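J.: Dumping the structure here so I can ask a few things about it.
The values are calculated or read from the model by the stated rules, or taken from the named source; none is laboratory data. All figures in this text were calculated on a predicted structure; none of them were measured in a lab. Cβ sites come from the backbone with ideal geometry, for glycine too, and all protein chains shown count toward neighbours. Accessible surface areas use protein heavy atoms only, side chains included; no ligands, DNA or RNA. Shrake-Rupley method; radii C 1.70, N 1.55, O 1.52, S 1.80 Å.
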Amino acid sequence: MLYFFGIIIEVLQQTLTTYRTGDYKDAIANTVGILLGFIIFNLILKKITVNSY
C-alpha cells in the first residue's frame, strides 16, 4: 500500500509542477526503501520478542 504513495508522488511531480520531474527510478527507489525498512523493522522486532521471553 505504501509504495502507491511513492508512485503517486512521482506522477504528481511530473504533471502538476513545472520545476520538478517524476522519474520511474525514484519510484523504484521508494519501493526498495519501503521493503528494506519493513525487513529491518521485522528483524529487530523479532529479536526483541525472542529476548523478552
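J.: When the convex hull of the Cα atoms of the chain is projected onto a plane and the area is averaged over all directions, what value comes out in nm²?
T.: On the way: hull surface 17.0 nm².
Orientation-averaged projected area of the Cα hull: 4.3 nm².
J.: Using a probe of 1.4 angstrom, how much of the accessible area of the chain is carbon and sulfur, in percent?
T.: Numbers: 3490 of 4780 Å².
Taking all protein chains in place, the chain shows 73 percent carbon and sulfur surface.
J.: Just how much of THR21 is accessible, in Å², when a 1.4 Å probe is used and the result is rounded to the nearest 10?
T.: My reading of the accessible area for THR21 is about 100 Å².
J.: Shifting gears a bit: What's the extension gain from ASN42 to TYR3 if we count 0.36 nm per residue and subtract their Cα-Cα distance?
T.: On the way: separation 39, 0.36 × 39 = 14.04 nm, distance 1.77 nm.
Here the answer is 12.3 nm.
J.: Further question: With a sphere of radius 15 Å drawn around the Cβ of GLY6, what net charge do the other residues whose Cβ falls strictly inside it have (Lys, Arg +1; Asp, Glu -1)?
T.: On the way: positive: ARG20, LYS25; negative: GLU10, ASP23, ASP26.
Its environment carries a net charge of -1.
J.: Averaged per residue, what accessible area in Å² does the chain show with a 1.4 Å probe, protein chains only? It would help to have the intermediate numbers written out before the result.
T.: Values: 4780 Å² over 53 residues.
That works out to 90 Å² per residue.
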